[in-house]
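What follows is a single structure, written as structure tokens, with notes after it.
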DNA sequence: GAGCAACGCAACATTTAATGTTACGTGATA
DNA sequence: TATCACGTAACATTAAATGTTGCGTTGCTC
């Protein structure tokens with residue numbers, strides 16, 4: 001599997017689930033489809049469960065299912081659930097004694113926060129129900 | 001030095017250069033100030049030289065200097081020179097046979113391209129001449 | 001309740017990209 | 001000509017993500 005693929009894996013899986021919401025899927029099935037490992041799938045989907053997007057059941061007929069209607073899960077929900085950010089929050093040296101460094105951080109982080117907000121707004125405009133449809 | 005710090009290193013260095021454009025700085029000086037290694041500095045600044053933002057001179061009084069006035073170098077110039085992008089261009093499997101995957105790529109990459117364009121516009125609004133000033 | 005299927009999770013291994021380091025060549029200048 | 005600084009290649013180190021193994025827990029089915 002390729003790098004930083006948690007978002008890809010999550011969206012891909014939810015996209016398929018949106019097509020057949022009633023069907024429960026095991027992490028082994030999902031892993032086989034995505035070309036990865038069941039434990040990795042549980043790790044990623046576990047975050048979506050914590051965020052209330054998925055449910056998981058143990059036992060014989062267990063597996064993963066959407067926790068609500070696919071029309072009510074947006075790409076932004078998934079993005080936020082995985083807690084990925086465009087930039088690191090940069091909390092190492094809160095007050096570097098270099099004025100250039102300070103000025104740069106202020107300006108750049110302002111821009112990045114705006115951009116991230118913009119990204120989330122854009123992602124919120126698409127639900128996973130729209131993703132499994134072939135038409136654009 | 002911390003990770004993915006090429007942009008930080010580049011902006012920081014150019015910010016200082018903007019304050020004293022006439023002064024040439026050696027990679028050793030810059031590395032000491034930034035807490036990293038001279039070779040790393042040359043690697044990063046070498047990209048800025050290729051992009052026409054810096055000049056470097058060998059020999060006794062050699063070192064690095066801005067290739068043009070600091071008012072004419074924007075943060076976007078630096079960002080683009082380093083060839084960093086928000087997302088990988090994802091050119092592995094150009095046509096995956098999974099329709100969900102295809103639909104996702106179309107939508108997500110459209111959004112990301114817009115966001116990236118937006119980011120570059122925002123960065124282009126600030127020059128490195130504005131960064132070394134203490135006032136906001 | 002025995003057995004099995006599935007998740008939950010911890011511990012460790014592997015991979016990969018970035019960064020750091022060493023070494024040596026080249027050009028410029030005192 | 002001795003020295004300083006960049007240019008670059010080769011290799012080492014680090015850190016984050018991903019992959020793997022093992023085992024416990026839960027719930028179903030027989």
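Where a number appears in this text, it was derived from the coordinates with a stated rule and is not lab data. Not measured: the values here are computed from a predicted model. FYI the Cβ positions are ideal-geometry reconstructions off the backbone, even for glycines, and counts take in every protein chain you see.
Quick notes
- Percent of Cα-Cα distances greater than 28 Å, calculated over the protein assembly as shown: 47
- Considering only B:109, B:99, B:56, the Gaussian network model of chain B with Cα springs below 10 Å gives its largest mean-square fluctuation to B:99.
- Mean ellipticity per residue at 222 nm, deg cm²/dmol - from DSSP H runs of n ≥ 4 across the protein assembly as shown, formula -39500 (n - 2.57): -16000 deg cm²/dmol
- Top of B:14, B:119, B:75 by mean-square fluctuation, Gaussian network on chain B, Cα under 10 Å: B:119
- Summary for residue A:133: label point 7 Å along Cα→Cβ; distances to the equivalent points in the other copies, ascending, 5.1 nm.
- P(r) tail for region A:14-53: Cα pairs beyond 13 Å make up 55% of the total.
- Angle between chain A longest axis and helix A:6-19 axis [Cα atoms, degrees, rounded to 10]: 40
- Kirkwood analysis of the Cα pair distances in region A:3-72 returns a hydrodynamic radius of 12.0 Å.
- Evaluated at q = 0.16, 0.23 Å⁻¹, the base-10 log of the normalised Debye intensity for region B:23-117, with identical point scatterers placed on the Cα atoms, takes the values -0.77, -1.17.
- What separates the residue A:42 label point from its copies, with the point 7 Å along Cα to Cβ, is 5.0 nm, written shortest first.
- Nearest-ten-degree value, helix A:99-123 long axis tilted from longest Cα axis of chain A: 30
- Within 10 Å of each Cβ in A:108-116, the average number of Cβ atoms from other chains: 4
- 7 Å along Cα→Cβ, label-point gaps from residue A:72 to other copies, nm, shortest first: 5.9
- Folded to 0 to 90 degrees: helix A:38-50 orientation relative to chain A principal axis, Cα: 70
- Simple spin-label estimate for residue B:113 and residue B:61 in nanometres, 7 Å along Cα-Cβ: 5.0
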